[in-house]
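One structure is given here, and the rest of the page talks about it.
The values are calculated or read from the model by the stated rules, or taken from the named source; none is laboratory data. Since we're looking at a predicted model, the values are computed, not measured. Here the Cβ positions follow ideal geometry from the backbone for every residue, glycine too, while neighbour counts run over all protein chains shown. We work out accessible area using only protein heavy atoms, side chains counted, and drop any ligands, DNA or RNA first. Shrake-Rupley method; radii C 1.70, N 1.55, O 1.52, S 1.80 Å.
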Amino acid sequence: MTLAEAVKRRHSVRSYRNRPIEEETKKALKEEIDKCNEESGLHIQLVTDSPKAFKGLLPHYGKFSGVENYIALIGDKSPSLPEQCGYYGERLVLLAQQLGLNTCWVGLTYKKVRRDYFLNPGEKLCLVIALGYGTNQGFPHKSKIFSQVCKNTGAVPDWFRHGVHFALLAPTAMNQQKFQFHLDGNRVTVKAGRGPYSKVDLGIVKYHFEIGAGHSGWSWAK
């Protein structure tokens, strides 16, 4: 499965089978987590065989069942933490999809189990990603169209249109897709809207845009 195929096949899954993640799969995830941490300075951790974080009223309210594995998105307390967690977390989500796993971003409907992960001084747990073998592959949700998330009304290059298309396939909080793109020459701007986890969404959307647009011929505006 290519990365582009993973983007198209990934859907949020909240119900999981009682099946342990294979060692080779865990190894691949941990190796990518190490790369993400090295690049970003985050302290992302893989938690396996630990069902307590998804037991109780909050996970029940979030309609989660069978979750025993998750990715803990952790980093230094700073204004950039949510966007970083979104960007690198989605990188791990799409790798998990390529490895045959299912995932779901989880902001509130889980319980913090401190023995599951380690926090250095000055760090915080931003949010988590449920992980495992789903009882289904999830379902697509209604999406906005290009003109609803882009200020450019005239002709735009194909790479930009592809990037926005992939951004529209990104998971966002409550599927609100509160982001806006703008192209000026070959420089791209994307701004987050208001709402819960909008900065996390921004990081996720940026990663998706890069997959669709490719990595040459354009840059993010400063």
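Could you tell me which residue of the stretch 137-174 is nearest to Lys199 (Cα to Cα), considering only residues that are open to solvent by 60 Å² or more (accessible area, probe 1.4 Å) and of a type in the set (S, T, N, Q)?
Taking the candidates together, the pick is Gln148.
Residue by residue through the stretch 192-220, note down the ones that are of a type in the set (D, E, K, R) and either over 19 Å from the mean Cα position of the chain (by Cα) or modelled with pLDDT of 95 or more (or both).
Lys199, Asp201, Lys206, Glu210 - these are the residues of the stretch 192-220 that are of a type in the set (D, E, K, R) and either over 19 Å from the mean Cα position of the chain (by Cα) or modelled with pLDDT of 95 or more (or both).
Looking at the stretch 177-191, is at least one residue assigned to a helix (DSSP H, G or I) and closer than 27 Å to Ser78 by Cβ?
no
Does the stretch 120-141 include one or more residues that are in contact with a Ser or Thr (Cβ under 6 Å, 6 or more places away or on another chain), at pLDDT below 95 and either among the small types (Gly, Ala, Ser) or at negative phi (or both)?
yes
Let me confirm something: among Gly89, Gly62, Gly107, which residue is modelled with pLDDT of 95 or more and not charged (D, E, K, R)?
On inspection, the qualifying residue turns out to be Gly89.
For the subset of the stretch 125-136 comprising residues that are over 12 Å from the mean Cα position of the chain (by Cα) and within 14 Å of Lys112 (Cβ to Cβ), which member is surrounded by the most Cβ atoms within 10 Å (Cβ to Cβ)?
Cys126
Report, by residue number, each residue of the stretch 105-119 that is in a helix (DSSP H, G or I) and either under 14 Å from Glu68 (Cβ atoms) or open to solvent by less than 100 Å² (accessible area, probe 1.4 Å) (or both).
Within the stretch 105-119, Asp116 is the sole residue that qualifies.
Just the residues that are modelled with pLDDT under 95 and closer than 30 Å to His162 by Cα, please, taken from the stretch 13-39.
Once the filter is applied, which keeps residues that are modelled with pLDDT under 95 and closer than 30 Å to His162 by Cα, the stretch 13-39 yields only Arg14.
Tell me yes or no: at least one residue of the stretch 84-99 is small (Gly, Ala, Ser), surrounded by 13 or more Cβ atoms within 10 Å (Cβ to Cβ) and over 30 Å from Phe209 (Cα atoms).
No, the stretch 84-99 contains no residue that is small (Gly, Ala, Ser), surrounded by 13 or more Cβ atoms within 10 Å (Cβ to Cβ) and over 30 Å from Phe209 (Cα atoms).
Can you tell me which residue in the stretch 1-51 is most open to solvent (accessible area, probe 1.4 Å), limited to those that are among the hydroxyl-bearing types (Ser, Thr, Tyr), touching a Phe, Trp or Tyr at 6+ places or on another chain (Cβ under 9 Å) and in a loop (DSSP other than H, G, I, E, B)?
If we take residues in the stretch 1-51 being among the hydroxyl-bearing types (Ser, Thr, Tyr), touching a Phe, Trp or Tyr at 6+ places or on another chain (Cβ under 9 Å) and in a loop (DSSP other than H, G, I, E, B), then Thr48 is most open to solvent (accessible area, probe 1.4 Å).
Here's a check for you: in the stretch 192-213, which residue that is assigned to a loop (DSSP other than H, G, I, E, B) and of a type in the set (Gly, Ala, Ser) is farthest from Leu168 (Cα to Cα)?
Gly195
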